[in-house]
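The values are calculated or read from the model by the stated rules, or taken from the named source; none is laboratory data. Predicted, not measured: the structure shown is a model, and the values here were computed from it. Here Cβ is always computed from backbone atoms with ideal geometry, including for glycine, and neighbour counts include all displayed protein chains. In case anyone asks, the SASA skips ligands and DNA or RNA and just uses the protein heavy atoms, side chains included. Shrake-Rupley method; radii C 1.70, N 1.55, O 1.52, S 1.80 Å.
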Amino acid sequence: SAHLEKMECFNPQVHKAFRDAIGWLSDWACSRSFGLGTRMPWDDQFLIESLSDSTIYMAYYLVAHFLQGGDLNGRETGPSGIKPEQCTEAFWDTVMLGKKYDKALGIDEGLIKKMRNEVSFWYPMDLRVSGKDLIPNHLTMSLYNHAAVWKDEPSMWPLGIFCNGHVQVDAEKMSKSKGNFITMEGAIELWGSDATRFTCADAGDGILNANYDRVVADRAILSLTTELEWLTDILGGKKMKGVTGPALRAKGAAPVWLDAWFANQMVVLCHEAADKYQTMRFKEALKVGYYLMQEARDRYRAGTAHVGADEALVRQWAEWQALFMVPITPHWSEAMWELLGKSGCIVQARWPSPKVKEDAQISAAGEYLFEVAHKLAAALANMGKK
């Protein structure tokens, strides 16, 4: 329970589900007399319950590349030359628990240190991602097993678990009989990787069932392509459709109030998008990092149509828009990065660090002005219908 209180679950519902599971898991049978599993050390007629027995296997992956050759079944001895019979309990105690090296192991001490370094570097598990249906069994048992194996080293226990729901397509359960069954490979063939990732992010957060909407995937392709074309055109000085003035303002021209609002709004969205990603809320990150950034740009573009947009602000917007979307659409972001003439790859670039904080007065003024403009436009439209 103490471990659970410190562990990041990202969702209060997930945290409660773990507390509930801990409350009744003591009634779960810890052994059985048949099936696959590990024999009880003190009575080999019983097997350790297989769900519990399988919850810490990922720790083996830390050193598997030393022990196994090219075969998953382990028939081939790995590059370390260590044979299966040498992997004794004392061997694993040294590698996994950091117990003092003993020459009796018959394995080079330097090699043991390399393996131990792998464990020390990769553990504890920063994040485990799994389905919500595994909370009352597999995942809770995993917490118990980590606490049991590393009982004197709580720093090796999992730091966070993120749980998600099941995936639906167009608000229906995926089924081959319905013809709505989509594989990862099939999705990429139809929409490409970025549009697929875009739609997965849009599908939903938390432990509710996620909805992969094929309409969103189709629109994502069009929207992302349109943005690349717009950036190419405006940086190339091409006249924008529906814009009375120049696309970009002449250098040295006086600033307008909307410049300050646009710059301030980007700062607001930068902090909000970072918070959404930090808490694994990808649908909200998409809303803030893409849709609200699009809305801010569109309002700025419309409001400066008569004088032209400030090129520095347009470039900042495009740079930040690309950075906000890297976790979701890395290829598209890379294309935006290239259009801006940036060096290196955007996946290696750092998140924006605004030098100023949000100006609350500008935010409030902008909210008021856009609301008034919306009401006036609606009123004029209604008058035209009469």
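Element breakdown for the chain at a 1.4 angstrom probe: carbon and sulfur atoms account for 57% of the accessible area.
In plain terms, the chain from W122 to L222 could stretch by 32.0 nm, reckoned as 0.36 nm per residue minus the Cα-Cα distance. Taking 7 Å steps out from each Cα toward its Cβ at M184 and E5 produces label points 3.8 nm apart. Nearest 0.05, what FRET efficiency do A104 and H271 give at R0 = 56 Å with Cβ-Cβ as r? Working from the Cβ atoms, E equals 0.45. Would you list, by chain and number, the lysines whose Cα falls below 18 Å from the Cα of K114, excluding same-chain residues fewer than 8 positions away? Straight-line reach from K114, under 18 Å: K83, K99, K100, K103. Using 0.36 nm per residue and subtracting the Cα-Cα separation, the extra length available between L36 and K375 on full extension is 115.2 nm. Computed from the Cβ-Cβ distance with R0 of 30 Å, the FRET efficiency linking T232 to K176 stands at 0.10. With 28 Å as the limit, the listed pairs K276/K355; K287/K375; K6/K276; K287/K355 all fall inside it between alpha carbons.
Highest GNM mean-square fluctuation among G366, G344, G74, for the chain modelled with Cα contacts below 10 Å: G74.
In this calculation the C-beta distance from L97 to C345 is compared with R0 = 25 Å, giving a FRET efficiency of 0.05. Accessible-area rank, largest first, for L105, L208, L269: L208, L105, L269, with all protein chains present and a 1.4 angstrom probe. Helical runs (DSSP H, four residues minimum) scored at -39500 (n - 2.57) apiece and divided by the length of the chain put the mean residue ellipticity at 222 nm at -15500 deg cm²/dmol. Taking every protein chain into account, the accessible area of the chain amounts to 58 square angstrom per residue (probe 1.4 Å). Taking the Cα centroid of the range 348-386 and of the range 37-112, what is the distance between the two, rounded to the nearest whole Å? The distance from the Cα centre of the range 348-386 to that of the range 37-112 comes to 60 Å. Structure remark: mean-square fluctuation, Gaussian network model of the chain, C-alpha springs under 10 Å; the largest value among E367, E229, E311 belongs to E367.
On full extension, the segment bounded by I48 and V149 gains 34.9 nm, given 0.36 nm per residue less the C-alpha separation.
For H15, the solvent-accessible surface with a 1.4 Å probe is about 30 Å², rounded to the nearest 10.
By the Stokes-Einstein formula, at 1.567 mPa s and 4 °C, the chain with its Kirkwood radius over alpha-carbon pairs has D equal to 50 µm²/s.
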